[in-house]
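Q: I have a structure here, written as structure tokens, and I will follow up with some questions on it.
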Amino acid sequence: MKTLIRTIALAAVLVPATPAHAAEIKVFCTNGVRAVVEELIPKFEKTTGHKVVISFEPSTQIKKRIDAGEPFDLAMLTTVLVDEEVKAGKLVANTRAFIARSGLGLSIRSGSKKPDITTVDAFKKALLAAKSVTYATQGASAAPFEALVAKLGITDQMKPKYKLRETAAQVGEAVASGAVELGVAPVSEILPVKGVELAGPFPKEVQSYVQLAGAVGANAKEKDAANKLLTFVVFPSNDAVYKAKGMER
């Protein structure tokens, strides 16, 4: 019965728009779910006739654009920032939907020897053995990683190793080029990067998750189309796509 209801619901979302009602949906999307969204959007556009125009950025930058009053229809960013913008009246509360979460992981240059990070002790040793480490200062992984390093009692030892970058994309570039040995980022932002490999997720005992959600803008020009897009993105039939991209529903 649930499967039938979901099928009917998805069919309602994907009703083709007439030329007169085809919308251009402006979306602000966090890099954390970029790989998933880039795979799903073409199907949505082809089926509905709507056009999706997306800007991919760190969640913190998206919040700045929203707060500055830039026009948009749909925003997808961390749950914390979505809730802040809902409270501020910038996003519509009853359109808020949880998207997915991604655990943090370590990246290495493709072909490099993978460090053992399967246990907390091994993870700690790998960090201390690394010549250099980077993470995105603007990314959602910065605060939890810094907190973890402090919890492990190695803050002072790690500081000289840091070669920090502003975004996860820059972290990937630094690791791929060999400029930095280890990169810290959500797994979903490591897997798509050419030239790097996932050394592994953080051990479950110390794992942190970047949780993402979406909501329609309070001043959205295309509220109905934006809500349909968000409904499509979070639909259970897309779970396999999320899993393949390193995310959990």
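Q: Got at least one residue in segment 190-199 being of a type in the set (Asp, Glu) and closer than 17 Å to Val36 by Cβ?
A: Let us first name the residues in segment 190-199 that are of a type in the set (Asp, Glu), namely 197.
From the residues that got through so far, the ones that are closer than 17 Å to Val36 by Cβ too are none.
Looking through segment 190-199, none of the residues is of a type in the set (Asp, Glu) and closer than 17 Å to Val36 by Cβ.
Conditions (1) under 17 Å from the mean Cα position of the chain (by Cα); (2) within 15 Å of Asn31 (Cβ to Cβ); (3) buried (at least 21 other Cβ atoms within 10 Å of the Cβ), marked per residue:
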{"site": "Gly178", "(1), (2), (3)": "no, no, no"}
{"site": "Leu182", "(1), (2), (3)": "no, no, yes"}
{"site": "Leu191", "(1), (2), (3)": "yes, yes, no"}
{"site": "Lys204", "(1), (2), (3)": "no, no, no"}
{"site": "Val216", "(1), (2), (3)": "no, no, yes"}
{"site": "Asn219", "(1), (2), (3)": "no, no, no"}
{"site": "Lys243", "(1), (2), (3)": "yes, no, no"}
{"site": "Glu248", "(1), (2), (3)": "yes, no, no"}
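Q: If you don't mind, another one. Is there any pair linking a residue in segment 87-100 that is within 13 Å of Leu74 (Cα to Cα) to one that is among the charged types (D, E, K, R), with Cβ under 7 Å and at least six apart or on different chains, and which?
A: Matching pairs, first to second residue: Leu91/Glu85.
Q: Show the residue pairs that are 6+ apart or on different chains and have beta-carbon atoms under 6 Å apart, the first residue being within segment 220-237 and assigned by TED's automatic domain parsing to the domain that holds Val86, the second being in a loop (DSSP other than H, G, I, E, B) and not acidic (Asp, Glu).
A: Once the first residue is assigned by TED's automatic domain parsing to the domain that holds Val86 and sits in segment 220-237, its partners that are in a loop (DSSP other than H, G, I, E, B) and not acidic (Asp, Glu) give Glu222/Ala23; Ala225/Ala23; Ala225/His50; Ala226/Ala220.
Q: Restrict the check to segment 213-229 and report whether at least one residue is at pLDDT below 95 and closer than 21 Å to Gln61 by Cα.
A: Keep residues of segment 213-229 that are at pLDDT below 95, which gives none.
Scanning segment 213-229, I find no residue that is at pLDDT below 95 and closer than 21 Å to Gln61 by Cα, so the answer is no.
Q: Can you give me the number of residues within segment 64-103 that are within 14 Å of the chain's Cα centre (by Cα), not in a strand (DSSP E or B) and not hydroxyl-bearing (Ser, Thr, Tyr)?
A: Start the filter on segment 64-103 by keeping residues that are within 14 Å of the chain's Cα centre (by Cα), which leaves 75-82, 98-103.
Of the ones still in play, those that are also not in a strand (DSSP E or B) are 79-82.
Now restrict to residues that are not hydroxyl-bearing (Ser, Thr, Tyr): 80-82.
Qualifying residue count for the region: 3.
Q: Moving to a separate point now. Does segment 58-79 hold any residues that are under 21 Å from Ala143 (Cβ atoms) and touching a residue at least 40 places away in the same chain (Cβ under 8 Å), and which are they?
A: Correct list: Pro58, Ser59, Thr60, Gln61, Ile66, Ala75, Met76, Leu77, Thr78, Thr79.
Q: Of everything in segment 1-60 that's in a loop (DSSP other than H, G, I, E, B) and over 20 Å from Gly217 (Cβ atoms), which residue is modelled with the lowest pLDDT?
A: Only one residue fits best here, namely Ala20.
Q: Continuing with this model, one more query. Taking the conditions exactly as written (without any contact (Cβ under 8 Å) to a residue 12 or more places away in the chain and out of contact with any helix residue (DSSP H, G or I) (no Cβ under 9 Å at 6 or more places or on another chain)), does Asp121 satisfy them or not?
A: Yes; evaluated as a whole, the condition is true for this residue.
Q: Right, something else. Hey, can you tell me all the residues within segment 130-156 that are loosely packed, with under 13 Cβ neighbours inside 10 Å and assigned to a loop (DSSP other than H, G, I, E, B)?
A: Residues satisfying the conditions are Lys131, Gly153.
Q: Considering every residue within segment 107-129, establish whether at least one is within 19 Å of the chain's Cα centre (by Cα), over 26 Å from Lys64 (Cβ atoms) and either modelled with pLDDT under 95 or not in a loop (DSSP other than H, G, I, E, B) (or both). So that I can check it myself, show each step before the final result.
A: Let us first name the residues in segment 107-129 that are within 19 Å of the chain's Cα centre (by Cα), namely 107.
Applying the additional criterion that residues be over 26 Å from Lys64 (Cβ atoms) yields 107.
Now narrow it down to the ones that are either modelled with pLDDT under 95 or not in a loop (DSSP other than H, G, I, E, B) (or both): 107.
Yes: segment 107-129 contains one or more residues that are within 19 Å of the chain's Cα centre (by Cα), over 26 Å from Lys64 (Cβ atoms) and either modelled with pLDDT under 95 or not in a loop (DSSP other than H, G, I, E, B) (or both).
Q: Being of a type in the set (Ser, Thr, Tyr) and surrounded by 15 or more Cβ atoms within 10 Å (Cβ to Cβ) is the filter here, so list the residues in segment 105-129 that pass it.
A: Initial filter on segment 105-129 (of a type in the set (Ser, Thr, Tyr)): 107, 110, 112, 118-119.
Ser107, Ser112 - these are the residues of segment 105-129 that are of a type in the set (Ser, Thr, Tyr) and surrounded by 15 or more Cβ atoms within 10 Å (Cβ to Cβ).
Q: Just the residues that are of a type outside the set (Lys, Arg), surrounded by 17 or more Cβ atoms within 10 Å (Cβ to Cβ) and either modelled with pLDDT of 95 or more or within 21 Å of Asp121 (Cβ to Cβ) (or both), please, taken from segment 157-169. Step through it out loud before you land on a result.
A: Of segment 157-169, the ones of a type outside the set (Lys, Arg) are 157-158, 160, 162, 164, 166-169.
Those still in the list that are surrounded by 17 or more Cβ atoms within 10 Å (Cβ to Cβ) too: 158, 167-169.
Matches in segment 157-169: Met158 only.
Q: Right, another one. For segment 192-249, give me the residue count where each residue is in contact with a Phe, Trp or Tyr (Cβ under 8 Å, 6 or more places away or on another chain), part of a loop (DSSP other than H, G, I, E, B) and under 23 Å from Pro115 (Cβ atoms).
A: Residues that pass the stated criteria total 3.
The values are calculated or read from the model by the stated rules, or taken from the named source; none is laboratory data. The structure presented is a predicted model; accordingly, all values stated were derived computationally and were not measured. Heads up, the Cβs are rebuilt from the backbone with ideal geometry, glycines too, and the neighbour counts pull from every protein chain shown.
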